1. Name the residues of the range A:171-212 whose amide N is less than 20 Å from a point 7 angstrom out from the Cα of A:Asp222 along the C-beta direction?
2. First obtain the Kirkwood hydrodynamic radius of the protein assembly as shown from its Cα pairs, then insert it into the Stokes-Einstein equation at 4 °C and 1.567 mPa s, and state the resulting D in µm² per second as a whole number.
3. Roughly how big is the range B:45-146's charge dipole about its Cα centre, with Cβ charges of +1 (Lys, Arg) and -1 (Asp, Glu), in debye to the nearest 20?
4. Can you give the average number of partner chain beta-carbon atoms within 10 Å of each beta-carbon in peptide B:8-21, as a whole number?
5. Round to the nearest 10 and give me the degree value, 0 to 90, for the angle of helix B:86-95's Cα axis relative to the longest principal axis of chain B.
6. Along each principal axis of its Cα atoms, how long is the range B:317-461 end to end? Whole angstroms, biggest number first, please.
7. Between A:Arg191 and A:Glu235, take the C-beta separation as r, use R0 = 35 Å, and let me know the FRET efficiency to the nearest 0.05.
8. In units of 2.2 N^0.38 Å, what is the alpha-carbon radius of gyration of the range B:45-146?
Amino acid sequence: MSAVLSVSAIAKRYGELQALKDISFEADRGELIAVVGPNGAGKTTLLSIIVGIQPPSAGTISRAGGEDGSAVGWAPQAPALYAKLSVAENLELFARLEGVADPSSVVAQMLDQTGLAARADELVGRLSGGNRQRVNVAIGLIGDPPVLALDEPSASLDPDQRERLWEFVSARVAAGTTVLFSTHNVSEAQRYASRVLALARGRLLFDGSPQTLLEQGGEHDDGDLERALVRFLRERPSYPEGTL
Amino acid sequence: MRWLLRKDLRILRRSRLLLAVLIIYPVAIALLVGLAISRSPSRPRVAIVDETPPGETLEVGSQRVPVGVYARQLFDQVQAVEVPTRAQAIAKVKSGEVLAAVVIPPGVAARVASATEAAQLEVLYNGDALEQSLVQSTLSSALANANLGFSAQIQKAAGTAIGSLLSGGNLGSIGAPENLIGLTQIPPTLEAIIARQPHGHDRVELERIDAFAGFAAQNLSLAKRVLSIVGQPIRVNSVLLHGRRTPLNTFAVVVAVSLSMMFMCVLLAAGGVALEREEHTLARLTRRPPGAAARSPHRTGRAGGELVSREQLLTEKTLLAAGCAFVLAFAMLAGISAFVALDWSRAGLWLAALAFGALAFGALGVAIGALAREVRAASLLAFLLSLPLAFLALVPGGSVSSGFYDAIGVISFVFPFKAALQALDAAVNGASPAIGLSLLHLAVLAAVFGALARVGLQQVE
């Protein structure tokens, strides 16, 4: 497999605070990667650097191949949408700003994929949280980026909305998009992710499959990933008990 | 940028309440300020109790001045409510029906005639400190004007009496002697008699009387002139040193239009930028993802990595707000010109002043919007800043201490309201300073606030 995203020795410092330190990993095409860790671990900071909201203090990010699309698509935790525009108008605006060749067909494609074609003319401000999040993710996918970063995509969704969102995301992964998502919901990572990055105090402490994390956390194959993560982090010398 | 502009116009069109408030509120404020500036204060409603006997006159030599003249002079200065008694006047003041009451006592003529003690009026009022101050200043002015008018009547009577003394003839009043000789006629008449008199004691005495009559006539003539001078010893001749004399009502138009333009422009620009933060779209628009600059030939977006650069975003918000405010301001000028005579041959200058003013206000608005994180905070900040700026710019020199006025001058200089007001005043009324200076000032302020907004947008999330 070829890496579509390469993160090398990323560090981020806010004054005295070291938010990220020496983070390196590569992401291959069609991977669904969960970034997990306790509060303040640096999950959102890492994603915000990868999507280009803020620059790293050190290190590099490169995307190999794929000059035919936007580099990294992004869907923030709070939907970044215009409430006074309809679903179709939001999609069309970002399609035009992205400069896609045929905005109308991209909008139609996104409406179809999100299952919101029937609500295309509805103002986004009137949509449910789940539907708004689907539009939010769809906008991140406009321009067909090879990598999509999702920051806590299901944080404010009910189980049904969450299920439908993951169906949508999984379909994109199956189509070859690499998806990187941060989450507090470790069981969600266990259920959907093919790979887990565990951060704590700005360091990448684990990079591997959910099964490996279960193993290293002392759980069986069908065990609880959250329990395994907690145990794994507590066993690290740099992560003393009581900080989780 | 055109897609962003189109999006904002669409959002604005759908925010009908916001649009209505943005138009109606500044226009209402502007009209109120305009009315307050252009209309002189209305005459205060004052109860007047004239206790002088009907037909009472003040004797000035052989002339009589009716005391009622004073009351009539006072009636001209205030909105008079005649009441017969002091008690009724007090009741009206207490009920708030009148602002104050003036009681003209019965002995006023005797006191004026005595020339030893001044006649006194009684002024009755109540109310809070502000009302008392208003009554005092308003009534002082009204009474001073009435005094001046009454004084002119007395001077006229005195002048007529002195004229009769000098010229003689008939005094015109019933019972007065007729065909009197005037003081000026005595010397020539007496000199003719003296010439026929033999030298001796009688002739010497007549010559002394002749000399006195000549001296008296000369000095009485002087007294007549002095009387006319003491009534109004110093007259005022106003000279405008620079600029054109600006009628108050056209200046009020300029103030009203500038205020409307500022409110609409600053609020719209600040709200527009803050909305991008509030909807979390600012980061989506301005992020620079790695590898984004690499594009295939058929793609046109993300030229520099971001969907929209921060400079483009600020320019778009500034232009949108400035454009809307420009249209509103020009429509106001055109509408007002139906009621107030404005010189349409200067319309080119109006457009220049409005365009530069709107751009500077737009830049101030985006700077405010870049600092605020949500629309409500941006609107509040814009409002809280705009209102005092307008009031400070309208404080006339000399009305406050020089140090405070200097401070006001500095504040007014670093914000665009005063410069926009001066530019529009120069464009509409030909007032000074010259419009070019004000336009340059506005252009510099637009650049400075635009740069501040850019710095404010540096931190996206």
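1. A:187-193, A:210-212
2. Details: Rh = 33.2 Å.
So the translational diffusion coefficient is about 39 µm²/s.
3. 60
4. Values: counts 2, 0, 6, 5, 1, 1, 7, 1, 0, 0, 0, 0, 0, 0.
That average works out to 2.
5. Around 0 degrees separate the two axes.
6. 51, 39, 25
7. On the way: r = 24 Å, r/R0 = 0.69.
FRET efficiency, A:Arg191 to A:Glu235: 0.90.
8. On the way: Rg = 14.1 Å, N = 102, 2.2 N^0.38 = 12.8 Å.
In units of the 2.2 N^0.38 Å rule of thumb, it is 1.11.
Throughout, read-outs are computed from the coordinates displayed, never taken from laboratory work. What you are looking at is a predicted structure, and each value in this text was computed from that prediction instead of being measured. Cβ sites come from the backbone with ideal geometry, for glycine too, and all protein chains shown count toward neighbours.
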